[in-house]
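Remarks on the structure that follows.
The values are calculated or read from the model by the stated rules, or taken from the named source; none is laboratory data. Owing to the predicted nature of the structure, the values given are computational and were not obtained by experimental measurement. Neighbour counts run over all protein chains shown; Cβ positions are idealised from the backbone, glycine included.
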Amino acid sequence: MIRVLLPAHLRQLAHCEREIAVDAAATQRAVLDAIEQQYPALRGTIRDPRTGLRRPFVRFFACEEDLSHESPDTPLPAAVAEGREPYLVIGAMAGG
C-alpha cells in the first residue's frame, strides 16, 4: 500500500483525508491512475487528461527528492513502495 499526501485544495475537491492509501504498482503513473480511479473528482486536476502529463503547478516529491520531471514509469523509491515514506502531491506556487 502506497501512502499519498494531497494538498488541501485537492482533498477538499475529493472529499478525502490528508493521507490516502492506494494499492498500486510503485510508479508515479500507477499511483496517479489509482488516485483518479478512487477519487474521480481529481481526474484532470493533477494531470492533463489528453496528454497524461502533470499540470504546470503540481509537483511530486518522495524521500526529499523532487520527482516532478522523472518519467511517469520510473520506479518510486523503495521506502515509498514499502509504505514507510509518503508520496507527496504538492501545489507549486509562482510569484516574484
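Table for the structure above
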| item | result |
| --- | --- |
| Total residues in the range 1-34, condition touching a residue at least 24 places away in the same chain (Cβ under 8 Å) and over 13 Å from the mean Cα position of the chain (by Cα) | 5 |
| Selection status of ALA94, modelled with pLDDT under 95 and of a type in the set (A, V, I, L, M) | yes |
| Count - residues of the range 14-25 that are of a type outside the set (Val, Ile, Thr), surrounded by 14 or more Cβ atoms within 10 Å (Cβ to Cβ) and under 14 Å from GLN38 (Cα atoms) | 4 |
| Pairs with Cβ under 7 Å, 6+ apart, first in the range 57-70 and surrounded by fewer than 13 Cβ atoms within 10 Å (Cβ to Cβ), second assigned to a loop (DSSP other than H, G, I, E, B) | PHE57/ALA92; PHE57/ALA94 |
| Residue in the range 35-55 that is surrounded by 12 or more Cβ atoms within 10 Å (Cβ to Cβ), within 13 Å of the chain's Cα centre (by Cα), more than 13 Å from ARG3 (Cα to Cα) and aromatic (Phe, Trp, Tyr) present | yes |
